[in-house]
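To keep things clear, I will list the structure first and then write my remarks on it.
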Amino acid sequence: LWEKYGGDETDDKEAFQKSFIRHVTTTLARSIYNIDNFSAYQATAHSVRDRLIKRWNETQQTHTEADSKRVYYLSLEFLLGRSLDNALLNLGLKDNCGEGVKELGFAMEDVLDQEVDAALGNGGLGRLAACYMDSLATLDYPAWGYGLRYTYGIFQQRLKDGYQVEFPDYWLNFDNPWELPRLDVVVDVKFYGSVNRYTDEKGRKRYAWEGIDTVQSVAYDVPIPGYGTKNCINIRLWSSKPKRQFDLSRFNEGQYEQAVQEQMQAENITAVLYPNDNHMVGKELRLKQQYFWVAASLFDIVRRFKKSQRPWSHFPDQVAIQLNDTHPSLAIVELQRILVDLEGVDWDDAWEIVTRTFAFTNHTILPEAMERWPVPMVQYLLPRHMQIIFDINLFFLQKVEKAFPDNRDLLARLSIIEESTPQFVRMAHLAVVGSHRVNGVAELHSELIKKTIFKDFIQYYGNDSKFENKTNGITPRRWLHQANPKLSELITDTLGNKNWLKNLDLLKGLKSYVDNKDFRKRWVAAKHSNKVRLTEYIKKTTGIIVNSNALFDVQVKRIHEYKRQFMNILGVIHRYNTLKKMTSEERADVVHRVVIFGGKAAPGYYIAKLVIKLINSVAEVVNNDNSIEDSLKVAFIPDYNVSVAEIIIPASDISQHISTAGTEASGTSNMKFVLNGGLILGTVDGANIEIHEEIGDDNIFMFGNLAHQVDDLRHAHRYRNVPMDPSLQAVINDIESGQFGDSRIFAPLINTLTLGQDYYLISDDFQSYLDAQKLVDEAYKDKEGWITKSILCSANMGKFSSDRAIQEYAERIWNIEPVPVVTKK
Ligand code: 26Q
C-alpha cells in the first residue's frame, strides 16, 4: 500500500491547489466561496505542512537507521519568526505554490502576511539558535533542537504617549500548523522532596531522590526543513501539564478549588518566556523552567541512546550536547545523576562521559547577565542535584589544589560555589567544568572571556585545550533571499545560478561587476524599492512620513544601556540643533536623514524604557519643525521582531552597532545589514571587527575607544573629575532646557552620565562618534562611491553564513558527519 499511496506528494501547481482546496473544506470546514486571506494562509500552510511531515518522517527514519552521532542543541529560546515563506523556499515550492495561490485569487504577499511570528526568544541568542537550526538542516546534519513551548512568547510592544507598554503575545490563539503535538511523548518531571541513602547489592553507597511534585512534559515537534536537501530536522518543544492524579481525599474534604489550583501550577511552568535579555532574574519559576526542560530533554536523549543497546562508555560517541549559554547547565548535573543514581555507573566513569558529551557557548561577559542561583533555592527545589553540584565542585577543586598547592584564593575564585551568604551556584563555572569545549561568539569576545570571567580557568586548564572561538553566523536563506527578493534576483541573474544560497563565498563573484553600469543600476533600484517598502511601513505603523531618497540610518536591537541607543539619540539632538542654526542655503547642501529606531526594553528595565520615551519626545519635536525643511526625521518603529526586521534591514543605508567596546559579544544584525548592502557605523567590538577585516577600511565607519582602554576610562570617571565632552554637555543642556518637553522626566537618564559615572562611556566616545557621522554624510554625497561600497559590502560577507559557523562546530566540537536523506520513491 505504501507503494500505491505513500509516495511523495507531488510538488506541481495542480497538486498544491488540490490540497489547498481539500484543507479549506476539511481542515478549516469552510466553503471555498468564502475564504479570506487568513483562511488562504491556513490552507496553504497546511498543504505545506503535509509535505514537511513526510520529509520529517523520512529524515527521522534515515537517522535511526544510520544510528550515527547526533548533536542536540539545547536553547531556552528559538526566535523562529514566520515559517511559511521559508518552508516554501526550502521545499522548492515557491514558484508553483505562488502561482497556484494567485490563480485561486490571492496575492502571495498578503497570504504570507497573515502569519504570526513564533517569537519564543528575546533577541540575539534566540535568533542565533534559529539560524543554526536552518544550517544544520541544510548541511544534512543529524541534529535536534530542544526548547520550551511557551504559551506566551516575547511581549508585544506598543507605544502610549511615547512610552513602551507591553501586551501579552498569545501566539497560539489560532491553531499552529508548524507544530506536531506528540501527545504520546510524555516525560514525568519531579521537583522538591528528599534524598535517601542506601547500600546497593554490590555494597556501594547510593542515593535516591524522592521527588514529591510531578509535572508532565508533553512534546511538540517543529519540523525544520533544510534548503536544497530532503533533510528535515526537529525542534522538540516541551509543554507542561498537570499529571492527572486527582487528590480524592482533598476532593471529599471539599477542597476542590485548592486541588484544581495546585494542578494549574503545573501549567505555569511553560506559560511565559522571561523577557530579559542579557540580564539575569533570580525567580524560582525560571529555575523550574530550566530543570523541567533539561530533565525532559535528557530523558528523551538517553531513551534514544538506549535503543541501540551500546555500553554507556559509547554515549559521547553517539551524543553531542551544545549548551546555548548557561541556561541549560543543569543538564550536566542531570546526566551525572542519571548515570550514577539510576544506571549505577561509577562516579568517575560517569563524569568522563558527561564532560565528553557537553560543550558550552558563552554569549556575554556583562556581570548582571551571569547566572547565579542561591544554594538554598536549588537545595529546596532539587535536593539531589545540589548534592551532586557540591561533589562535582569538591572533586574539581581537589584536582586544582594538587596542581596549585597553597593557592586558596585561586580555589575560591574557581569554585562553582560562591562563598557568600547565602552561597550561590555559579552556572558559568559549572558549565566550564562540565564541558570539553567552551566557545565565545566572535574573536574579540573569545579572547576577552579568557582574560576576564574565565581567566582563572586558563591558569588551570592552559590556553589551548578547552577554549575556542566560533564566530556567529546568519542564514542567507532568510536574511537575504527571503528578506530581499529584488537583490537576490539580481545576484542570481548576475552569478548565473542560486548556488550562492548554499555557498555564500560565491558572492565574491559580484566584485567583477562593481563597475558594470547595468548591474549598478539594478543594485540601486533594489535598495530603493526596499526603502519605499519601509517608508510605507513607517507611515502605516507610526504615521510619520519620510522621504525614501534620504539616507536611512537604522538602529534596531534590544534596548540596553550597553548598546547605547542613548548615545544615538543624543547625536540626533546635536544634529538637529546644528541644522537649526544653519541658513537655508547652508542646509541645501546637507544630506537628508531618516533616523530609525526599533527594539524592546525588558519590562522592568526603567532606564531602557526612558530611552524609548526620549527618542519619541525628540521625534515629536524634530518631525514637526518645519524650519529644518525635512532635513531630519526620526521614527521609532514599534514592536520590533523577526518579521519587522525582514522589512527594515534591506532598506538601511547605514546601521549603528555602537556598543561600548568589549560589551557586545558578537552582534548578528550587523551581519544581516552588511549582507544586504548596508554600511555600518560601529565601534571596535564584537563581530564588527571581523566584518571590518572582511570588507576593508573603505566600506565601514569605525570609531571610539578600544576594549583594552575601557578599564582605565572607567577608573578615571570614578576617581578623577573628568569633564563631560563639550558637545555632549551642550546636548544635555538642551534637554534640560525643556526643548523636548518636561526635562524632569529625563533626569534619571541624564544622571547615568553624571552620578552614574557614565559607565558606558558615552562622553568618552561622543566626539569621535560625531566625527564618524560627518564622514558618513560626506561619503553619502558621493552617490557613485556609495554604490561601490554597498556592492563590496555584500560581496565580501561569505564568512558570516551560519553554514560556515555550523561546519566549524561540527568539525571542531561535535565531531559529527552529515547523513543525507535519500527518498524512497
Ligand atoms: C538569564 C537568567 C534568567 C533570566 C534570563 C536570562 C537571560 C536571557 C537571555 C540571559 C541572557 C539572554 C540573552 C542573551 C543574548 O541574546 N546575548 C546575545 O547573543 C548573541 C548571539 O551570540 C550575540 O550576538 C550578542 O552579542 C549577545 O548580546
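Please give the strands (runs of 3 or more DSSP E) falling wholly within segment 122-233 in which 1 or more residues are surrounded by 15 or more Cβ atoms within 10 Å (Cβ to Cβ), of a type in the set (S, T, N, Q) and at pLDDT 95 or above. Outline the logic, then answer.
Details: elements: 143-148, 156-160, 163-167, 180-191, 194-199, 205-210, 213-225.
The qualifying strands (runs of 3 or more DSSP E) are 156-160, 163-167, 213-225.
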Sole residue being within 28 Å of N278 (Cα to Cα), modelled with pLDDT of 95 or more, within 16 Å of the ligand (Cβ to nearest atom) and among the β-branched types (V, I, T), chosen from V425, V432
V425
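So, G105, is that one part of a loop (DSSP other than H, G, I, E, B), out of contact with any Pro (no Cβ under 8 Å at 6 or more places or on another chain), free of Cβ contacts under 8 Å to residues at least 24 places away in the same chain and not aliphatic (A, V, I, L, M) or not?
yes
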Residues of segment 368-384 that turn out to be away from the ligand (no atom under 16 Å from the Cβ), part of a loop (DSSP other than H, G, I, E, B) and surrounded by fewer than 19 Cβ atoms within 10 Å (Cβ to Cβ), as a count:
0
Filter segment 344-365 down to residues that are part of a loop (DSSP other than H, G, I, E, B) and surrounded by fewer than 18 Cβ atoms within 10 Å (Cβ to Cβ), then give me how many there are.
2
For segment 561-594, what are the residues that are assigned to a helix (DSSP H, G or I) and hydroxyl-bearing (S, T, Y)?
Y562, Y576, T578, S584
Cβ pairs under 8 Å, 6+ apart or interchain, first in segment 269-291 and assigned by TED's automatic domain parsing to the domain that holds T663 and touching a residue at least 12 places away in the same chain (Cβ under 8 Å), second of a type outside the set (D, E, K, R) and away from the ligand (no atom under 11 Å from the Cβ), ordered by first then second residue, are none
If I filter segment 129-140 for residues that are within 15 Å of the ligand (Cβ to nearest atom) and touching a Phe, Trp or Tyr at 6+ places or on another chain (Cβ under 6 Å), do I get at least one hit?
yes
Can you pull out the residues in segment 685-702 that are touching a residue at least 40 places away in the same chain (Cβ under 8 Å) and either within 16 Å of the ligand (Cβ to nearest atom) or of a type in the set (D, E, K, R) (or both)?
D685, G686, A687, I689, E690, I691, E694, D698
Taking the stated definitions as given, is Q322 polar (S, T, N, Q), outside any loop (DSSP other than H, G, I, E, B) and closer than 30 Å to D685 by Cβ?
yes
Go through segment 667-695 and report how many residues are closer than 20 Å to N278 by Cα and in contact with a Cys (Cβ under 9 Å, 6 or more places away or on another chain).
1
Among the residues of segment 449-487, which ones are touching a residue at least 40 places away in the same chain (Cβ under 8 Å), part of a helix (DSSP H, G or I) and within 20 Å of L410 (Cβ to Cβ)?
I449, D456, F457, Q459, Y460
Could you check how many residues of segment 84-95 are out of contact with any strand residue (DSSP E or B) (no Cβ under 9 Å at 6 or more places or on another chain) and within 19 Å of Q42 (Cβ to Cβ)?
5
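Per-residue answers, yes or no, for (1) within 16 Å of the ligand (Cβ to nearest atom); (2) free of Cβ contacts under 8 Å to residues at least 40 places away in the same chain; (3) acidic (D, E):
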position: H327; (1), (2), (3): yes, no, no
position: I338; (1), (2), (3): no, no, no
position: D341; (1), (2), (3): no, no, yes
position: D348; (1), (2), (3): no, yes, yes
position: F360; (1), (2), (3): yes, no, no
position: L366; (1), (2), (3): yes, no, no
Taking segment 528-560 on its own, how many of its residues are aliphatic (A, V, I, L, M), within 22 Å of M671 (Cβ to Cβ) and part of a helix (DSSP H, G or I)?
1
Matching residues in segment 21-60 - criterion: being over 19 Å from N90 (Cα atoms) and among the aromatic types (F, W, Y)
Y33, F38
Among E99, E65, the single one that is more than 21 Å from the chain's Cα centre (by Cα), surrounded by fewer than 18 Cβ atoms within 10 Å (Cβ to Cβ), away from the ligand (no atom under 16 Å from the Cβ) and touching a residue at least 12 places away in the same chain (Cβ under 8 Å) is E99
Is one or more of the residues making up segment 635-651 away from the ligand (no atom under 16 Å from the Cβ), surrounded by fewer than 23 Cβ atoms within 10 Å (Cβ to Cβ) and either on the phi > 0 side of the Ramachandran plot or among the acidic types (D, E) (or both)?
yes
Within segment 779-797, the count of residues that are surrounded by 19 or more Cβ atoms within 10 Å (Cβ to Cβ) and either among the hydroxyl-bearing types (S, T, Y) or closer than 30 Å to S435 by Cβ (or both) comes to 3
Would you confirm whether any residue within segment 279-287 is within 30 Å of I365 (Cα to Cα), of a type in the set (A, V, I, L, M, F, W, C) and part of a strand (DSSP E or B)?
no
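The values are calculated or read from the model by the stated rules, or taken from the named source; none is laboratory data. Fair warning: this is a prediction, and the values are worked out from it, not measured in the lab. Cβ atoms come from the backbone with ideal geometry, glycine included; neighbour counts cover every protein chain shown.
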